[in-house]
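> Take this structure, written in structure tokens, and hold onto it; I'll ask about it next.
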Amino acid sequence: MRDHPTLVSFRRLAAPAALLLGAGLLAGCSGAVLDPAGDVARQQRDIIYISTALMLVIIVPVMALTAMFAWRYRRSNQDATYDPDFDHSTGLELVIWSAPLLIVIALGALTWWSTHLLDPYRPLGRVSAEKPIDPKARPLVVQVVALDWKWLFIYPEQGVASVNELALPVDRQVRFDLTSTNMMNTFYAPTLAGMIYVMPGMRSTMHAVLNRPGSYKGYSANYSGAGFSGMRFRLQGVDQAGFDGWVAKVKSAPRVLDSGTFLKLEQPSEKVPVTYFGRVAPALFDRAYQRCVKPGTTCMGEVMLRDQQAGGGGGGDPRLGTGMPAGRTSVPPPGQKPEGGLFKDDAGPTGTHNTVPKKKPSGSTAPSDSNNRDMSFLPSRPAAPVRAAV
């Protein structure tokens, strides 16, 4: 019996397709995620490897057994055992359920451990696998602001700033303070560390270290509008002497990053070239994340302080001034659960936006009554006088 022509064509294309698929997978291995230049990114890569290996413990045997069973119990094999009454095997059930259960437990333990160990807010415990952290060495502080559509990097200790270029000395812990001016975004340097979200009015923190000199790429990993695809930055890893030289070069730039320049830079723009600022106004990053860069704007910290001084508490801790402003009781007393609005015994609606009256409305409530067109379930109020339009 000859094979069908379609089956023959499929067999001819199967081998080239498998080779192309394997080449594509191998080409993806050279990506930035699997070629880390920092210790945090290296540990994240190892987690990917371990997770993949644990999942392959199930995937590979299942694929092999599928092919083996299909071949052994094919129709033309008369030597295979035929048992139409088979319905249960205790040993097979133990293997089928115990192996995935153990893998899920292992993945859960790995996730819990790595989540705490690689917490971006947690200072690093080592520079690399071979070099512990120096407790006397202070981390380099870099303040990151996500703008539309560019990245602003402020070095407060050095007094300089740059747009779309981040220079870091190797083997030195870096603490990033991050915020955004307009919308939620994601700071992502795959060779340095994992991604972290930034939002307007909030400050995120990430600790990382770069162990290998080189030039790398950073991205915006959260869609933020028309210029999202060009919102990239260049990450330069240099030694300490090279970093000092980079800082000296930036300091020689004539531009000054003050409030007026920041407000202009904040305006949406695409594919902005690398820009240096030789001087930076003090506390500019703090005013950026507290949303008070514009002169005359009250900072969020001042608003919260005034609320605290005015007695805002509403069930919160009076020593900290937390909770809702005075007069609001959304937070119940300690030890009590909040009471839902449906369970409150109210005498009747008192606000201006009520949808369910406490008393039965006048008139007919039958769905088919034509008078329903002229009535409402809202409490009746005297009509306001109508003034003639001039």
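None of the figures in this text is laboratory data; all of them are computed from the coordinates on show. Computed from a predicted model, the values in this text were never measured in an experiment. Backbone-built Cβ (ideal geometry, glycine too); neighbour counts: all protein chains shown.
> Would you please give the residues with an amide H less than 5 Å from that of L147, counting only those at least 5 places away or on a separate chain, with H modeled from the backbone geometry?
Those qualifying (amide H under 5 Å, at least 5 residues apart or on another chain) are L152.
> What residues have an amide H closer than 5 Å to that of V198, excluding those fewer than 5 places away on the same chain, when H is modeled at 1.01 Å from N in the peptide plane?
So V198 has HN proximity to N185, T186, F187.
> By counting other Cβ atoms within 10 Å of each Cβ, how are L56, L265 ranked from fewest to most?
L56, L265
> Another question about this same structure. Using a/c under 1.5 as the rounded threshold, could you call region 107-151 rounded, prolate or oblate? The axes a ≥ b ≥ c are square roots of the C-alpha gyration tensor eigenvalues, and prolate needs a/b larger than b/c, oblate otherwise.
In terms of gyration-tensor shape, oblate.
> Continuing with the same structure: DSSP loop chymotrypsin sites (Phe, Trp or Tyr not before Pro) in region 73-177 with at most 15 other Cβ atoms within 10 Å of their Cβ, which ones?
Loop-located and lightly packed - Y73, Y82, F86, Y121.
> Same structure, new question: Classify region 139-213 from the C-alpha gyration tensor, please: rounded if a/c falls under 1.5, else prolate or oblate depending on whether a/b exceeds b/c.
prolate
> At most 15 other Cβ atoms within 10 Å and a DSSP loop assignment: could you name the trypsin sites (Lys or Arg not before Pro) in region 226-273 that fit?
For trypsin sites (Lys or Arg not before Pro) across region 226-273 that sit outside H, G, I, E and B with at most 15 neighbouring Cβ atoms in 10 Å, the list reads R255, K271.
> Count charges around W151 for me, please; just the other residues with Cβ under 12 Å from its Cβ, Lys/Arg as +1, Asp/Glu as -1.
Result for the local shell: +2.
> Calculate one ³J(HN,Hα) per residue across region 42-51 by plugging θ = phi - 60° into the Karplus curve 6.51 cos²θ - 1.76 cosθ + 1.60, and present them in order as whole Hz with x for glycine and proline.
Per residue, the Karplus-derived 3J(HN,Hα) values read 5, 5, 5, 4, 4, 5, 4, 4, 5, 5 Hz.
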